[in-house]
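Notes to accompany the following structure.
The values are calculated or read from the model by the stated rules, or taken from the named source; none is laboratory data. Treat the numbers as computed from the prediction; the structure is a model and nothing was measured. Methodologically, a virtual Cβ is constructed for each residue, glycine included, from the backbone with ideal geometry; neighbour enumeration extends over all protein chains shown.
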Amino acid sequence: MRPIKHAEKGLTLIARGLFSTIQSVNRFKPNPSFTPKWSDKPLLKSWQKSKPTLGWPRTTDSLCPNCVIEAREEILSGKKDVSVLINEKVGEIKAQIIERNNEIWMIKDCPVHGHFEDMMAIDAKFLNHIEDMFPGRDIQAHNDEKLHNHGSSTVKYGRGAVLTVDLTNRCNMMCDPCFMDANQVGFVHELSFEDIKEILDNAITIKPRRQMSVQFSGGEPTISPHFIESIKYSRKVGYNSVQCATNGIEFAKSKEFAKQA
Ligand code: SF4
């Protein structure tokens, strides 16, 4: 091992030791928690953070992929109101997370559509390591009950980092597969500038403020007629950074457009 590696290892051990000592002192005589101006509740100390059940085998909440497709079709055809997604547990089923030959699998049974199995990880040890790294739940959500009411998928913890706004489901490409089925669902879903403003305004005013940055996505966000003015508006109302998930074609076509963005 090279000397620099020994030095790195030594420094890591010292830093770990110092951190554990500081943690113990803090726990013994804790300072009051800090309440940032974007929250009405104080930030949590690391030892106050709770964790969901991790490891395996375990039971978790999941969805039947076919029930989801049927529910989407019923809502789009007007047969059911979109509020069923909040008020009814559409497509929800229990799933088991199990280890099989050092792989992690999710297995579930829908009473209507039968048995499903999905591989979650090709290396059980690696997933175990990732779960061990989970620092615990962040600050509890508050003051945003209406905005983040997603039924049983309601966001309960955390500040989050990036607000993703899908400007359009159109795209100037036709990839197979496409992560968003752009151009492939038989209808166009595109936000008006008023819709975009409302989303940005709502997200930046709630406490605790979850979204410090915004990412415009799609489909291909650069072909939305509101792409440039959405960037301008985001900066104006206070998003620290504005990103876009793009295939870059429109920027390659026009240097001016890229500069404007
Ligand atoms: S959104 Fe991305 S993945 Fe989908 S078709 Fe366009 S370029 Fe391809």
Every residue from the range 46-61 that is exposed (fewer than 13 other Cβ atoms within 10 Å of the Cβ) and either small (Gly, Ala, Ser) or within 23 Å of residue 19 (Cα to Cα) (or both): 46, 47, 50, 51, 55
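Evaluate the following for residue 237: is it closer than 23 Å to residue 155 by Cα and not charged (D, E, K, R)? Steps first, please.
Values: closer than 23 Å to residue 155 by Cα: no; not charged (D, E, K, R): yes.
For residue 237, the condition - closer than 23 Å to residue 155 by Cα and not charged (D, E, K, R) - is not met.
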Residues of the range 85-117 satisfying the condition of being surrounded by fewer than 17 Cβ atoms within 10 Å (Cβ to Cβ) and at pLDDT below 95: 86, 87, 88, 89
Would you check if there is a residue in the range 119-129 being away from the ligand (no atom under 16 Å from the Cβ), under 20 Å from the mean Cα position of the chain (by Cα) and touching a residue at least 60 places away in the same chain (Cβ under 8 Å)? no
Enumeration of residues in the range 204-214 that are buried (at least 18 other Cβ atoms within 10 Å of the Cβ) and either within 21 Å of residue 246 (Cβ to Cβ) or within 16 Å of the ligand (Cβ to nearest atom) (or both): 211, 214
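Consider residue 75 carefully, then state whether it is more than 30 Å from residue 20 (Cα to Cα) and within 22 Å of the chain's Cα centre (by Cα).
Values: more than 30 Å from residue 20 (Cα to Cα): yes; within 22 Å of the chain's Cα centre (by Cα): no.
Against the criterion (more than 30 Å from residue 20 (Cα to Cα) and within 22 Å of the chain's Cα centre (by Cα)), residue 75 does not qualify.
Out of the range 1-45, which residues are of a type in the set (S, T, N, Q) and surrounded by 11 or more Cβ atoms within 10 Å (Cβ to Cβ)?
Taking the range 1-45 and keeping what is of a type in the set (S, T, N, Q), we get 12, 20-21, 23-24, 26, 31, 33, 35, 39.
Across the range 1-45, the qualifying residues are 23, 26, 33, 35, 39.
Could you pull out the residue among 186, 219 that is assigned to a loop (DSSP other than H, G, I, E, B), within 16 Å of the ligand (Cβ to nearest atom) and more than 24 Å from residue 261 (Cα to Cα)? Walk me through it before giving the result.
Numbers: 219 fails: more than 24 Å from residue 261 (Cα to Cα).
Going through 186, 219 in turn, the sole match is 186.
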Which of the residues that make up the range 156-174 are at pLDDT 80 or above and away from the ligand (no atom under 14 Å from the Cβ)? 156, 157, 162, 163, 165
Can you tell me which residue among 201, 181 is under 30 Å from residue 41 (Cα atoms), exposed (fewer than 15 other Cβ atoms within 10 Å of the Cβ) and not β-branched (Val, Ile, Thr)? 201
When both residues are 6+ apart or on different chains and their Cβ atoms are under 6 Å apart, which pairs have a first residue that lies in the range 163-175 and is under 11 Å from residue 218 (Cα atoms), and a second that is within 10 Å of the ligand (Cβ to nearest atom) and among the hydroxyl-bearing types (Ser, Thr, Tyr)? 164/217; 166/217
